[in-house]
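Colleague: The structure under discussion is supplied below as structure tokens; questions concerning it will follow.
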Amino acid sequence: MMVTDRTSRVREMDKSYIQQREQELEMAARKRRGLFRRLTVLAIFVVALGSIACVSIYTQASSLEGKRQEQAALEEELKKLQLEEARLREDIKNYNDLDYIAEIARRDYYLTKPGETLFKLPESSSN
């Protein structure tokens, strides 16, 4: 009897140990599945944020490039307008000069001073 009693106790201990071990393994498997799910959700979240950041950066970079081109065009236009302004200021200065006005009147309108005779010579072409 002693042998059977001892065998049954060992079997009972083995049984409870096995059940406890199975429960531990099952809990570990659940924890792993939960960890995997959390990491998957985190990875999806990181990829989504990364995609949004990349699209935002690309949009801003193309917008910035457009602004740079617009700035270059406006700077070119500014240079042209500054040259035009300088020419117009020179014209204003010249139109306030009586000698310049007299020269224009002689050249364009064939006006002369009293006692002056104007001769128009044909322009010679150098061929």
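The values are calculated or read from the model by the stated rules, or taken from the named source; none is laboratory data. Since this is a predicted model, take the numbers as computed values, not measurements. All Cβ positions, glycine included, derive from the backbone under ideal geometry; neighbour counts span all protein chains shown. What goes into the accessible areas is simple: the full protein's heavy atoms, side chains included, and nothing from ligands, DNA or RNA. Shrake-Rupley method; radii C 1.70, N 1.55, O 1.52, S 1.80 Å.
Colleague: For the range 14-23, which residues satisfy the criterion of being open to solvent by 90 Å² or more (accessible area, probe 1.4 Å) and of a type outside the set (S, T, N, Q)?
Modeller: Passing the criteria: 15, 17, 21, 22.
Colleague: Filter the range 87-127 for residues that are in a loop (DSSP other than H, G, I, E, B) and small (Gly, Ala, Ser); which is modelled with the lowest pLDDT?
Modeller: My answer is 126.
Colleague: Output the number of the condition that residue 40 fails; it satisfies all remaining conditions of (1) at pLDDT 95 or above; (2) open to solvent by 90 Å² or more (accessible area, probe 1.4 Å).
Modeller: In the conditions (1) at pLDDT 95 or above; (2) open to solvent by 90 Å² or more (accessible area, probe 1.4 Å), residue 40 misses (2) alone.
To keep it simple, each residue is scored yes or no on (1) assigned to a helix (DSSP H, G or I); (2) at pLDDT below 95; (3) more than 21 Å from the chain's Cα centre (by Cα).
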{"site": "34", "(1), (2), (3)": "yes, yes, yes"}
{"site": "48", "(1), (2), (3)": "yes, no, no"}
{"site": "60", "(1), (2), (3)": "yes, no, no"}
{"site": "71", "(1), (2), (3)": "yes, no, no"}
{"site": "78", "(1), (2), (3)": "yes, no, yes"}
{"site": "85", "(1), (2), (3)": "yes, no, yes"}
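Colleague: Given (1) out of contact with any helix residue (DSSP H, G or I) (no Cβ under 9 Å at 6 or more places or on another chain); (2) surrounded by 10 or more Cβ atoms within 10 Å (Cβ to Cβ), identify the lone condition not met by residue 111.
Modeller: Every listed condition holds for residue 111 apart from (1).
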